[in-house]
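The values are calculated or read from the model by the stated rules, or taken from the named source; none is laboratory data. From a predicted model like this one, the values you see are computed outputs, not experimental measurements. When we count neighbours, we look across all protein chains shown, and the Cβ atoms used for this are built from the backbone with ideal geometry, even at glycine. Surface areas here come from the heavy atoms of the whole protein model, side chains and all, with no ligands, DNA or RNA. Shrake-Rupley method; radii C 1.70, N 1.55, O 1.52, S 1.80 Å.
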Amino acid sequence: MSPAKPQPAEGTVTSPRGFKAGAVKARIREDWDKLDVAILYSEAPCAAAAVYTSNRVQAAPLLVSRENLAQGLAQAIVVNSGCANAATGQQGLADAREMAEMTAGKLGLSSRDILVASTGVIGTFLPMDKVRSAIAAIDLTQEGGADFARAIMTTDTRPKQTAVSCDRYLIGGVAKGAGMIHPNLATMLAFLTTDAPLTNDFIADCLRCAVDSSFNMIDIDGDTSTNDMVVVLANGLGGGEVIDAAHPLADAFSDALSQTCIYLARAIVADAEGATKVIEATVERAASQEDARRAAREVVRSLAVKTAVYGSDPNWGRILAAVGNSGCSMEETRTSFWLSSAPGPEVCLYRMGKPADFDAGKARVVLGNREVRFRVDLGLGEGTATAWGSDLTEDYVRLNSLYTT
């Protein structure tokens, strides 16, 4: 019998041994009264890896972090919210580098040991006088993870944080994001920590796998941001043998990291701007794994599906159209799909190329739940994938029409 999957639990990015964090209010945006500058610090140097936005326009802090992480080592992350420091030219790069230098000076490290992240409005400059004062004022503690999670929020309504155990080790994580969320990362930041001793190659492979099954499988509005970054730091303070791909704990650790990322990715979708529902789409028996991923993502990305779910409209043709539009291999006479919620029985909407005989009233009741699930069987192979998205509401339009005003 295979071991049970690790379940995310209460905890945060400072739950693993040797990590501290802190945050202060700098008022990066004058109209925001919230924690907005934060530092995450490890007491020991870390093997580190990151995955970045696929957007061709990349923010200054992301470029600086890429440079500093070239050797696969880091020891601290400095973050601000309220200003993305994107599309800010050479001044933006200088400001991001100064954030790294100031943090390094505070911690007695080299600026190459510091990663930098920013989130907020694109095309505005950081108020560096406020940033300098904020970095100097931050008090780092083991209990500071919750403040760190709040400091990185923008339009989020709640912090997103968790911890997962794997044998003797812990994995902690925080994330932010509520809009501009689309597969291949989005306006989201995620920071992961662990006290496990990991090789650089192994941690990089684990992160790529975890991101592919989590953050790259969510959608809120189809937009991909300039600042997306997922970072993992491993300080090894849990002791024991160094874990690589051949180690007995390798699969368990990789799975635990993936579960952490899936939990945070779902939390982002559940907090989507203006959303009332979470949509989960699972595609089974696709011709390939990539086909399953493509079809599942298209279902949660489709504006037609999002609006139908918002209105509790059992317009199943939109599911069929989304799958057909995804580019996956598909034969209508082999395709079936079902609707359900958690908990609750499935309602078959379409079976083997024909409309199913279902009670539309019962389907509307299912669609009225907070979580709505679609299961699609393509009947062609063994590929399986799950994606998550949100419905689309009037509140999303209102929030995004007033973001800078």
Inset, instruction - Please report, in Å, the Rg and the Dmax of segment 31-175, where both are computed over Cα atoms only. - result: 14.8, 46
Inset, instruction - Measure off 7 Å from each Cα along the Cα-to-Cβ vector at R132 and S110, then give the distance between these two points in nanometres to one decimal. - result: 2.5
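Cα-Cα pairs above 18 Å in segment 292-405: how many percent?
51
How large is the charge dipole for the chain, taken about the Cα centre, if only the Cβ atoms of Lys, Arg (+1) and Asp, Glu (-1) carry charge, to the nearest 20 debye?
480
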Inset, instruction - Report, for segment 254-405, the % of DSSP beta bridges that are antiparallel, rounded to 5. - result: 70
Inset, instruction - May I ask you to rank R168, R56 by accessible area, largest first, using a 1.4 Å probe over the protein chains only? - result: R56, R168
Inset, instruction - Taking amide H positions as placed in the peptide plane 1.01 Å from N, state which residues far from S118 in sequence (5 or more) or on other chains have amide H under 5 Å from it. - result: N80
Inset, instruction - Subtracting the Cα-Cα distance from 0.36 nm times the residue separation, let me have the gained length for V242 to E371 in nm, one decimal. - result: 42.4 nm
Inset, instruction - Take the Cα of Q91, step 7 Å along the line toward its Cβ, and report every residue of segment 97-135 whose backbone nitrogen sits under 17 Å from that point. - result: 97-99, 121-132
Legend entry - Calculated [θ] (222 nm, deg cm²/dmol) that DSSP helices of n ≥ 4 give over the chain, each run adding -39,500 (n - 2.57): -9500 deg cm²/dmol
Legend entry - Probe 1.4 Å, all protein chains present, accessible-area order of K20, K34, largest first: K20, K34
Inset, instruction - Between K362 and T141, with labels modelled 7 Å along Cα→Cβ, what's the label distance in nm to one decimal, could you check? - result: 5.4
Inset, instruction - Mind checking the full-extension length gain between M352 and D313? Use 0.36 nm per residue of separation minus the Cα-Cα distance, one decimal, nm. - result: 11.8 nm
Inset, instruction - With the Cα gyration tensor of segment 95-151 in hand, convert its eigenvalues to equivalent ellipsoid semi-axes via √(5λ) and list them largest first in whole Å. - result: 19, 16, 11
Inset, instruction - Could you calculate the FRET efficiency of E382 with F125 from 1/(1 + (r/R0)^6), where r is the beta carbon distance between them and R0 is 45 Å, rounded to 0.05? - result: 0.30
Inset, instruction - Normalise the Debye intensity by I(0) for segment 56-97, one equal point scatterer per Cα, no solvent, then take log10 at q = 0.15, 0.21 Å⁻¹ and round to two decimals. - result: -0.36, -0.69
Inset, instruction - Could you tell me which trypsin sites (Lys or Arg not before Pro) in segment 353-389 are loop residues by DSSP with no more than 12 other beta carbons within 10 angstrom of their beta carbon? - result: R370
Inset, instruction - Classify segment 338-405 as rounded, prolate or oblate, taking a ≥ b ≥ c as the square roots of the eigenvalues of its Cα gyration tensor: rounded when a/c is under 1.5, otherwise prolate if a/b is larger than b/c and oblate if not. - result: prolate
Legend entry - R334/L399 FRET efficiency (R0 45 Å; Cβ-Cβ; nearest 0.05): 0.65
Inset, instruction - With a bin width of 10 angstrom, please list the P(r) values of the chain as percents of all Cα-Cα pairs, from the 0 bin to the one holding the largest distance. - result: 5, 23, 30, 23, 13, 4, 0
Inset, instruction - Using a 1.4 Å probe and counting only protein heavy atoms, arrange D201, D113 so the residue with the most accessible area comes first. - result: D201, D113
Legend entry - Share antiparallel - DSSP beta bridges, the chain, percent rounded to 5: 70
Legend entry - Euclidean distance between Cα centres, segment 228-243 to segment 269-328, Å: 34
